[in-house]
Amino acid sequence: MPALEHLRAVHRMHQIGIIDLLRPARLLRAARNNARLGPQAALIMKAAAEHPDAPAVTDERGTLTYRQLDEQSNALAHALLALGLPERSIVAVLARDHRGLLLAISGSARARLRLALMNTGLAKQQLIDVAAREKVRVMLHDSEFADVVEGLPAEVTRYVTDGSIDELIAAHPVTPPPLPGRPGGFVILTSGTTGLPRGAPRTKVSPLASAVIADRIPFPRQGAAVIASPLFHSTGFGAWTVGLSLANHAVLTRRFDAEHILRLIAEHRAEMLVAVPTMLTRILSLGPEIISRYDTTSLRTVFVAGSPLSPELTNRFQTVFGDVVYNVYGSTEVAVASVATPEESRRAPGTVGRPPVTVHVRVLDANDRPVKAPGEIGRVFVRTGIPFEGYTDGRDRRIVDGFMDTGDRGHFDADGLLFIDGRADDMIISGGENVYPLEVETLLAQHDDVIEAAVIGVDDAEFGTRLRAFIVPTADAKRDAQAMKDFVRANLARYKVPRDVVFLDELPRNATGKVMRRLLPQDTKPLR
């Protein structure tokens, strides 16, 4: 990272309150702990020293202060050290969002171990395959997943995050164990929408990584944030980590329930909600009568990521809750690439905004050269300060001049705002014409009878591939397939009109809210 850019990031962190340049001793101590523990455990230690009695996490069992979270992390670390595992052995955690997951993250780092965050949506055989690939030695899991983990080899030690882990903590001292020589790091799994999730490891995370997210998103400072997006994925995990740097209060819930989320916002006077787009849809589906029962006027920021956010959904949500939606574009591999503020989303509907400090985005043509004109579509490449270390299955992402291929296609407008036109591998060639499903999906979502839509390509004898649209209609919709086709035909080119329209009660999604396109019916029999 160039020196000037480094200084800009440090100054921005100071402005936000992540660091205090006027207290160099604290700053040096925090930097040392980060270099040896990694950010999450180090930030919990920092918050415990500076704000010991501040609430750190609230779940269904109540609230832990930062002192309690720090001490219980130490006790769990001693228990894990007592297993005698080699340094940087893999500990996996399969848990929903509650204190046990936070303790697993912090405790494993203090025990010099590497943590693999498992997706709660994994089937039994998938978990077995991922655990074997990642060489898991210890499995921390919620009691509800006992049947999922039963197929693991006998040599994998197991503890229950909402059971036996409490006994482990109670049986060990709360004094800090010796600091590791280097961080164990962690592995976050990709979404796995097209197959077995891949592991994306992180070991050397710059202390400036927090500034990347908080640069363009207003985070609370010692305030409450309701984190609805699962912590095992990069959206929830990243937002919680930045919140630690500001000594925030994380309000967690094991399962998403739209009305319960509103209740938590009102009860804790939460200033931030972290969510995926489908959660916003479900909150709005409650209707004005239920929504009005809860005082959500404390809400200043809705951090949304994980899948494309349509302009229509942004507008509907902000009509009810105010200008609070910050649309985050990124991935497990590149972390945060850009953020659209409410003002940018109003001015340029559909934009994913601009990159934050230390992040650079390029749109490259087929010859790996930057596109020349606004509106010209190419492959989106990103360079960040959070280095991707390659997938744990040995595969890697393409790099050009230090910029990583996101797998998306996009363009800049004349003002330099980024737009994503679709996944490169989702492109459908129908009758010799290129179609990106996202464009058709975004349009369909604007129809009054549509809640959400997904578009795929299916085999066709005449055109090679034809478009099939899956639509979740509103409760009072007529479910008129021809009306949907006519709506697309009136707004897009003829070859972008779906040949088939299928109405569904809901789209198949994984635990992070992404549509599982491979689970949509793809038989070649024409549908209406």
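Tabulated data for the structure shown
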| read-out | value |
| --- | --- |
| Qualifying residue in the stretch 104-115 (condition: out of contact with any helix residue (DSSP H, G or I) (no Cβ under 7 Å at 6 or more places or on another chain) and surrounded by fewer than 23 Cβ atoms within 10 Å (Cβ to Cβ)) | no |
| Candidate set from the stretch 102-116 (those that are of a type in the set (A, V, I, L, M) and assigned to a strand (DSSP E or B)); member that is farthest from the chain's Cα centre (by Cα) | Leu115 |
| Residues that are in contact with a helix residue (DSSP H, G or I) (Cβ under 6 Å, 6 or more places away or on another chain) and touching a residue at least 40 places away in the same chain (Cβ under 8 Å), drawn from the stretch 50-65 | His51, Ala54, Ala56, Val57, Asp59 |
| Set Ala445, Ala475, Ala481: member being closer than 30 Å to Gly287 by Cα, free of Cβ contacts under 8 Å to residues at least 12 places away in the same chain and not charged (D, E, K, R) | Ala475 |
| Count of residues meeting criterion [assigned to a loop (DSSP other than H, G, I, E, B) and buried (at least 21 other Cβ atoms within 10 Å of the Cβ)] in the stretch 137-161 | 2 |
| Some residue of the stretch 58-68 being surrounded by fewer than 23 Cβ atoms within 10 Å (Cβ to Cβ) and assigned to a helix (DSSP H, G or I) | yes |
| Hits in the stretch 237-292 (condition: among the β-branched types (Val, Ile, Thr) and either closer than 25 Å to Ile213 by Cα or crowded, with 24+ Cβ neighbours inside 10 Å (or both)) | Thr241, Val242, Val251, Thr253, Ile261, Ile265, Val274, Val276, Thr278, Thr281, Ile283 |
| When residues of the stretch 348-375 are limited to those that are of a type in the set (A, V, I, L, M, F, W, C) and under 28 Å from the mean Cα position of the chain (by Cα), the one nearest to Gly410 (Cα to Cα) | Val363 |
| Search result, residues across the stretch 17-32 that are surrounded by fewer than 20 Cβ atoms within 10 Å (Cβ to Cβ) and not in a loop (DSSP other than H, G, I, E, B) | Pro24, Ala25, Arg26, Leu27, Leu28, Arg29, Ala31, Arg32 |
| Of all residues making up the stretch 292-323, the number that are aliphatic (A, V, I, L, M) and outside any loop (DSSP other than H, G, I, E, B) | 4 |
| Boolean, Ala337 is assigned to a strand (DSSP E or B) and touching a strand residue (DSSP E or B) at 6+ places or on another chain (Cβ under 6 Å) | yes |
| One residue from Pro498, Pro521 being in a loop (DSSP other than H, G, I, E, B), touching a strand residue (DSSP E or B) at 6+ places or on another chain (Cβ under 8 Å) and either of a type in the set (Lys, Arg) or surrounded by 20 or more Cβ atoms within 10 Å (Cβ to Cβ) (or both) | Pro498 |
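Here is a yes/no grid of residues against (1) at pLDDT 90 or above; (2) touching a Lys or Arg at 6+ places or on another chain (Cβ under 8 Å); (3) under 27 Å from Met516 (Cα atoms); (4) not assigned by TED's automatic domain parsing to the domain that holds Gly62:
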{"position": "Gln125", "(1), (2), (3), (4)": "yes, no, yes, no"}
{"position": "Asp166", "(1), (2), (3), (4)": "yes, no, no, no"}
{"position": "Gly184", "(1), (2), (3), (4)": "no, yes, no, no"}
{"position": "Leu189", "(1), (2), (3), (4)": "no, yes, yes, no"}
{"position": "Gly195", "(1), (2), (3), (4)": "no, no, yes, no"}
{"position": "Ala200", "(1), (2), (3), (4)": "no, no, yes, no"}
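The values are calculated or read from the model by the stated rules, or taken from the named source; none is laboratory data. None of the values given here were measured: they were computed from a predicted structure. Cβ: placed from backbone, ideal geometry, glycine included. Neighbour counts: every protein chain shown.
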